[in-house]
Amino acid sequence: MATIALLCLGIALPGAVVAQTAKEFVGTWALVSSDTVRPDGSRVPTFGSKATGILIFSSDGRFVYLFSPAELPKFTSNNRNTGTPDENAAVVKGSIATYGTYSVADKVFTIKIEHSTFSNWIGAEQTRTITTTGDEMKWSNPAGSGGGVVELVLRRLK
């Protein structure tokens, strides 16, 4: 009973396993790599061989990210509203931006998506498995927007 009471108050006993907290994830992270693991186990680069992106976790429980290929096609018309079908498809299939709120329990992030360029996710609650080692973060999404499991590696920006 005493142990349970101490844990409920947030006091950890020496040697006790303490869940990861959101605090260690707060900051700005740059995308290093992104792979989609297909059901057959094969891996393909989610955003092409030269991916770029940023992920920001704030201390008040908010997040935002944008991931894409380093080189998206330029729109011939110089107007995003009049892109060709190929230009539009390349941008939509090649990138994703999402924001919302998050909470952490153990090593699982629960994300509540307020808005996303993949509209099927708007209003959804999803989980991610995220671990950090120093300035490296590994992020796993079991239900990627393009199918398969998406595994990201990110580096904390100073």
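Here is how the numbers come out for the structure above:
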| item | result |
| --- | --- |
| Residue in the stretch 53-60 that is among the hydroxyl-bearing types (Ser, Thr, Tyr), closer than 24 Å to residue 23 by Cβ and touching a residue at least 12 places away in the same chain (Cβ under 8 Å) present | yes |
| The lone exception for residue 151 - which of (1) touching a strand residue (DSSP E or B) at 6+ places or on another chain (Cβ under 8 Å); (2) loosely packed, with under 15 Cβ neighbours inside 10 Å it fails | (2) |
| Yes/no for residue 64 being farther than 14 Å from residue 25 by Cβ and among the β-branched types (Val, Ile, Thr) | no |
| Conditions (1) more than 20 Å from residue 23 (Cβ to Cβ); (2) at pLDDT 95 or above: number failed by residue 136 | (1) |
| All strands (runs of 3 or more DSSP E) inside the stretch 29-141 with 1 or more residues being closer than 20 Å to residue 158 by Cα, open to solvent by less than 70 Å² (accessible area, probe 1.4 Å) and not acidic (Asp, Glu) | 51-57, 62-69, 125-133, 136-141 |
| Selection count where residues are within 21 Å of residue 119 (Cβ to Cβ), in contact (Cβ under 8 Å) with a residue 60 or more places away in the chain and out of contact with any helix residue (DSSP H, G or I) (no Cβ under 8 Å at 6 or more places or on another chain), scope the stretch 134-158 | 4 |
| Qualifying residues in the stretch 71-124 (those that are closer than 27 Å to residue 141 by Cα and of a type in the set (Lys, Arg)) - the one modelled with the lowest pLDDT | 107 |
| Conditions (1) touching a Lys or Arg at 6+ places or on another chain (Cβ under 9 Å); (2) at positive phi; (3) of a type outside the set (Gly, Ala, Ser); number of the one not met by residue 78 | (1) |
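The values are calculated or read from the model by the stated rules, or taken from the named source; none is laboratory data. Quantities reported herein were computed from a predicted structural model and do not represent experimental measurements. Positions of Cβ are backbone-derived with ideal geometry, glycine not excepted, and every protein chain shown enters the neighbour counts. Side chains included, ligands, DNA and RNA excluded: accessible areas come from the protein's heavy atoms. Shrake-Rupley method; radii C 1.70, N 1.55, O 1.52, S 1.80 Å.
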